[in-house]
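For reference, the structure discussed in these notes is given below.
The values are calculated or read from the model by the stated rules, or taken from the named source; none is laboratory data. Nothing here was measured: the structure is a model prediction, and the numbers come from that model. Positions of Cβ are backbone-derived with ideal geometry, glycine not excepted, and every protein chain shown enters the neighbour counts.
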Amino acid sequence: MSEQNAQEHLNTTQSFTTQSFATQGAARLKITLDKLPRGTAAQVLKVKALSRALQQRLLSMGIVEGASVLFKGVAPLGDPLQIETMGYLLSLRRSEAAQIEVTPILARS
Amino acid sequence: MLPHSSDSLVRGVKFSPTRPARIALAGNPNSGKTSVFNALTGLRYKVANYPGVTVEKKEGKLALPNISHATLIDLPGSYSLDTYAFDEQIATSVLLGEFRGESAPDLIVAVVDSTNLERNLFFTSQLLDLGIPVVIALSMTDLAESQGISIRTEILSRLLGAPVVAICAKVKKGIESLRSEIENSLESHSTGVGFRWLSAAHALVTSVDRLADLATLLSPPVRHPKIHALSILSGSQVARSSELKVICEEEIERLRVLDVDAATIEATLRYQWIGKVVRQSTSAASAASRSLTQRLDAVLTHRVFGLMAFAAIMALMFQSIFVGASLPMEWIDMAVAWIGASAAEMLPEGQFRSLVVDGMIAGVGSVLIFIPQIAILFFFIGLLEDSGYLARAAYVTDRVMRKFGLQGRSFVPLLSSFACAIPGILSARTIPTLSDRFTTIMVAPLMSCSARLPVYSLLIAAFIPAYVVGGIFSLQGLVMLGLYLLGVVTAMLVASVLKLTVLRGEPAPFVMEMPLFRRPSLRVVVRNVLDRVLLFVQSAGTIILACSLVMWFLASYPRDVNIEQSYAGRIGHAIEPALAPLGLGWEVGIGIVASFAAREVFVSSLATVYNLGDDDTAPTSLLHVLNAQHASGEFTLAAALALLVFYVYACMCMSTLAVTRRETGSWSWTIFMFVYMTALGYGAALLTYQGALYFGLGGNVG
């Protein structure tokens, strides 16, 4: 996702910024996990999963508010994605990652 | 307890030395649970299924220093008690004491992977809430040490409120202390505290307490009022009374106003608590020695090399099943033939001899013949699973499989079905979602298995001219390839249709852990192979044997007639009107009827039919007979093509049906498989024959 797009996205969502502990203070760049550039770390803001089964699975795998995730890579055919969280590797589909709202913390590459 | 209460009343109340202690082994997948189970039971265990469901149940005897009778139950690997995954739901219901009237276990051994403490402790934190004594087995401590992770078990134990034993299952370090800790906890029945993650200051506490108080008044009583309160708040369970439901909605609204999302707050609070526990008890140097996994992943999930490596590994596995199994299968064939011949010599000629030799011994042989393929496939799957590659294979193939409503984890079962659908269907157990598992099982037999090969070879050799196409490809080879592709394409189409209709449902999450690469344990892999083979022989084997006996009866009765007048022959004649539109005669009909037992029987029964039907006493090669019939126009190319297509589709393998019955636990699915495949076979064959006639392939091909 380009910076410009991210900024646009930010503008449209700014008014919904919650007071969760992950977003204390000023509004931060808010994107979905699938839009995160490869090699970037981010903090989970919200799991807005559409199905209860997906939400339950993500939560139990440690994708909770405030968790750090590192975007590791993409499968050879472009999907699913691989992330690292809590020191282990997790793969999930793009469509599933799109239901996780994150804020990038620092670029590693 | 009343002094005169009978033993049956004591059952399910509290552990007492008068009955065997039931100990459940629980933990995340890939947590080293199997190694701990093997070490604790000394590999003395039985494998069965949980009644009515096809989830594997392993039960072993647990030797303890003073308590003589203790059973260790290995539960399916779980990430959470609150779950939608089928296997995990079984684990949950056993732990909650809700599984088929079985009481809850007396103690839980929670296996926690010390290299992945935080995520593993999530499930453990749920186990600690159950009010059952928990002993925590910290596995893979050697690996954690080499990664620079140091865990202070006494601090961890104090923070969690349960005994913690560090073990390294591969060298049995700590297993003895685990045994004595299990015994201590059984005797003291110290259940620990539970709900430590639910900090008293949080708004959720009020809601949980209010609902739990109400839930205690329910009739029939709920075993765990607080757990029920939490699960109705998160929406994973329905409130058991209308009053509870009203209050629950009130509480959800109250939390929402405080900006607390009831569905996610429990997990968030648990992980926050776990984070504190881990920080206080663990120090990690650097994540240096993950490098093996990182280096391997750089290649194995690489855009180009990843696909190449995947293709190479799958080709190796497939070749091994195909080639590696052929020699042992020949030996089994020879041994069965030798035993049959010896029995024939010892027994007087007559019906009894025929029953023993052609019915029973041949029937047992038809069960044993599958063992080499099953063993080799499960050896490979074991290696791939234990080393961590199986998850990568699913990761690499998910994109393609999803197009057809399947997922990455369906790939290996479908690939192995090219060798034989039996091991393929058995290996569908590695798919955690029920609808994906069933879809995979339903289409697996459409992959052309090795038993179709003799049929394909014979008909192609007899009817397809050995032209060379485009300078390099032989027409015969291309037809063979076409038959395989026909099966694959149809399987994908059927899978899509199934997922859009009968097996439709909310799409199951793919979210999957990618375990670290490690050297597979040969002991675990080999023992798993033995378990699989034994399970196959015990359950599917009996059905296959029974069917073999029925087929023997049909082919050999009434007595003293040739095969044309036998029941099988009469059925062959009876179905002739149905075969005529396909251009096929009653001889082929007998072959088809006989090969409903197993496809490869087609060739031998056809040989029998033609030899018996001929007055010519000289043994006739089947190929020559077919060539002659082809030349005379009795058996046309169009009919041969129709027959080939029929064999691609038709479900003519009772062993597949027996295994499907076992793995789906349902006769309806089994019958559905038989009907849809056979109908597809007939319809497609009809279309092929009529189409071929239309294009002028009906006559003699000079």
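Which of the residues belonging to the range A:96-109 are more than 7 Å from chain B (Cβ to nearest Cβ) and under 12 Å from the mean Cα position of the chain (by Cα)? Even if it seems obvious, please write down each step before you answer.
At the first step, the residues of the range A:96-109 found to be more than 7 Å from chain B (Cβ to nearest Cβ) are A:97-109.
Residues satisfying the conditions are A:Ala97, A:Ala98, A:Gln99, A:Ile100, A:Glu101, A:Val102, A:Thr103, A:Pro104, A:Ile105.
Can you spot a residue in the range B:263-276 that is out of contact with any Asp or Glu (no Cβ under 8 Å at 6 or more places or on another chain), part of a helix (DSSP H, G or I) and more than 30 Å from B:Leu516 (Cα to Cα)?
First pass over the range B:263-276, keeping only residues out of contact with any Asp or Glu (no Cβ under 8 Å at 6 or more places or on another chain): B:263, B:265-267, B:269-270, B:272-273, B:276.
With part of a helix (DSSP H, G or I) added as a condition, the list becomes B:263, B:265-267, B:269-270, B:272-273, B:276.
Next, from what is left, pick out any that are more than 30 Å from B:Leu516 (Cα to Cα): B:263.
The answer is yes; a qualifying residue exists.
I want to confirm something. Restricting to the range B:42-61 and keeping residues that are over 21 Å from the mean Cα position of the chain (by Cα) and modelled with pLDDT under 90, which single residue is nearest to the other protein chains (Cβ to nearest Cβ)?
B:Leu43
For B:Ala239, state whether it is closer than 19 Å to B:Asp82 by Cβ and at pLDDT 90 or above. Reasoning before the result, please.
Details: closer than 19 Å to B:Asp82 by Cβ: yes; at pLDDT 90 or above: no.
When the stated conditions are applied, B:Ala239 does not pass them.
From the list A:Arg38, A:Arg93, pick out the single residue that is charged (D, E, K, R), at the interface with chain B (Cβ under 8 Å from one of its Cβ atoms) and touching a Phe, Trp or Tyr at 6+ places or on another chain (Cβ under 9 Å).
The conditions single out A:Arg93.
Residue check, B:Met334 against (1) touching a residue at least 60 places away in the same chain (Cβ under 8 Å); (2) away from chain A (no Cβ under 14 Å), all met but one. Which one?
Tallying (1) touching a residue at least 60 places away in the same chain (Cβ under 8 Å); (2) away from chain A (no Cβ under 14 Å), B:Met334 fails exactly one: (1).
Among the strands (runs of 3 or more DSSP E) contained in the range B:39-135, which hold 1 or more residues that are under 21 Å from B:Val222 (Cβ atoms)?
Values: elements: B:45-49, B:56-61, B:70-74, B:107-113.
By residue number, B:107-113.
Can you name the condition, by its number, that B:Ser281 falls short on among (1) within 14 Å of chain A (Cβ to nearest Cβ); (2) surrounded by 12 or more Cβ atoms within 10 Å (Cβ to Cβ); (3) not basic (Lys, Arg)?
If we test B:Ser281 against (1) within 14 Å of chain A (Cβ to nearest Cβ); (2) surrounded by 12 or more Cβ atoms within 10 Å (Cβ to Cβ); (3) not basic (Lys, Arg), just (1) comes out false.
Of all residues in the range A:11-47, count the ones that are of a type in the set (D, E, K, R), in contact with a helix residue (DSSP H, G or I) (Cβ under 9 Å, 6 or more places away or on another chain) and at pLDDT 85 or above.
Kept after step one, since they are of a type in the set (D, E, K, R), are these residues of the range A:11-47: A:28, A:30, A:34-35, A:38, A:46.
Still in the running and in contact with a helix residue (DSSP H, G or I) (Cβ under 9 Å, 6 or more places away or on another chain): A:28, A:30, A:34-35, A:46.
When the remaining residues are screened for being at pLDDT 85 or above, the result is A:30, A:34-35, A:46.
Adding up the residues that qualify gives 4.
Output the number of residues of the range A:44-65 satisfying the condition of being surrounded by fewer than 20 Cβ atoms within 10 Å (Cβ to Cβ), within 7 Å of chain B (Cβ to nearest Cβ) and either touching a strand residue (DSSP E or B) at 6+ places or on another chain (Cβ under 9 Å) or assigned to a loop (DSSP other than H, G, I, E, B) (or both).
Residues that pass the stated criteria total 1.
Given the residues B:Thr660, B:Thr670, B:Thr678, which is the only one that is touching a Lys or Arg at 6+ places or on another chain (Cβ under 7 Å) and assigned to a helix (DSSP H, G or I)?
Numbers: B:Thr660 fails: touching a Lys or Arg at 6+ places or on another chain (Cβ under 7 Å); B:Thr678 fails: touching a Lys or Arg at 6+ places or on another chain (Cβ under 7 Å).
Result: B:Thr670 is the single residue among B:Thr660, B:Thr670, B:Thr678 that is touching a Lys or Arg at 6+ places or on another chain (Cβ under 7 Å) and assigned to a helix (DSSP H, G or I).
What are the residue pairs meeting all of these: first residue in the range B:103-119, first residue within 14 Å of chain A (Cβ to nearest Cβ), second residue part of a strand (DSSP E or B) and β-branched (Val, Ile, Thr), Cβ atoms under 8 Å, and 6 or more apart or on different chains?
B:Val112/B:Ile136; B:Ser114/B:Ile149; B:Ser114/B:Ile151; B:Thr115/B:Ile149; B:Leu117/B:Ile149; B:Leu117/B:Ile151; B:Leu117/B:Thr282
With the structure loaded, tell me whether B:Ser139 is farther than 15 Å from B:Phe37 by Cα and either away from every other protein chain (no Cβ under 14 Å) or surrounded by 20 or more Cβ atoms within 10 Å (Cβ to Cβ) (or both) or whether it fails that test.
Values: farther than 15 Å from B:Phe37 by Cα: no; either away from every other protein chain (no Cβ under 14 Å) or surrounded by 20 or more Cβ atoms within 10 Å (Cβ to Cβ) (or both): yes.
Spelling it out, it is not the case that B:Ser139 is farther than 15 Å from B:Phe37 by Cα and either away from every other protein chain (no Cβ under 14 Å) or surrounded by 20 or more Cβ atoms within 10 Å (Cβ to Cβ) (or both).
When the residues of the range B:407-424 are filtered to those that are more than 13 Å from chain A (Cβ to nearest Cβ) and not in a helix (DSSP H, G or I), which remaining residue is surrounded by the fewest Cβ atoms within 10 Å (Cβ to Cβ)? Let's see the steps before the verdict.
Start the filter on the range B:407-424 by keeping residues that are more than 13 Å from chain A (Cβ to nearest Cβ), which leaves B:410, B:412-424.
Within this subset, residues satisfying the condition of being not in a helix (DSSP H, G or I) are B:417-420.
Working: B:Ser417: 28, B:Phe418: 20, B:Ala419: 26, B:Cys420: 28.
Selected residue: B:Phe418.
Does B:Val497 fit the bill of being modelled with pLDDT of 85 or more and either among the aliphatic types (A, V, I, L, M) or in contact with a Gly (Cβ under 8 Å, 6 or more places away or on another chain) (or both)? I'd like the intermediate steps shown before the answer.
Values: modelled with pLDDT of 85 or more: yes; either among the aliphatic types (A, V, I, L, M) or in contact with a Gly (Cβ under 8 Å, 6 or more places away or on another chain) (or both): yes.
Answer is yes for this residue.
Conditions tested, residue by residue: (1) assigned to a loop (DSSP other than H, G, I, E, B); (2) without any contact (Cβ under 8 Å) to a residue 40 or more places away in the chain; (3) within 14 Å of chain A (Cβ to nearest Cβ); (4) in contact with a strand residue (DSSP E or B) (Cβ under 9 Å, 6 or more places away or on another chain).
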site: B:Glu506; (1), (2), (3), (4): yes, yes, yes, no
site: B:Pro520; (1), (2), (3), (4): yes, no, no, no
site: B:Val526; (1), (2), (3), (4): no, no, no, no
site: B:Leu534; (1), (2), (3), (4): no, no, no, yes
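Which one of the conditions (1) of a type outside the set (D, E, K, R); (2) within 20 Å of B:Arg19 (Cα to Cα); (3) in contact with a Leu (Cβ under 9 Å, 6 or more places away or on another chain); (4) in contact (Cβ under 8 Å) with a residue 24 or more places away in the chain does B:Gly60 fail to meet, given that it meets all the rest?
Among (1) of a type outside the set (D, E, K, R); (2) within 20 Å of B:Arg19 (Cα to Cα); (3) in contact with a Leu (Cβ under 9 Å, 6 or more places away or on another chain); (4) in contact (Cβ under 8 Å) with a residue 24 or more places away in the chain, the lone unmet condition for B:Gly60 is (4).
Under the condition of being in a loop (DSSP other than H, G, I, E, B) and under 39 Å from the mean Cα position of the chain (by Cα), which residue from the range B:567-591 is farthest from B:Met652 (Cα to Cα)?
Residues of the range B:567-591 in a loop (DSSP other than H, G, I, E, B): B:575, B:583-585.
Subset that is under 39 Å from the mean Cα position of the chain (by Cα): B:575, B:584.
Working: B:Ile575: 16, B:Leu584: 17 Å.
So, considering only residues that are in a loop (DSSP other than H, G, I, E, B) and under 39 Å from the mean Cα position of the chain (by Cα), the one farthest from B:Met652 (Cα to Cα) is B:Leu584.
Considering only the range B:425-458, how many residues are buried (at least 23 other Cβ atoms within 10 Å of the Cβ), in a helix (DSSP H, G or I) and not small (Gly, Ala, Ser)?
Here the count works out to 12.
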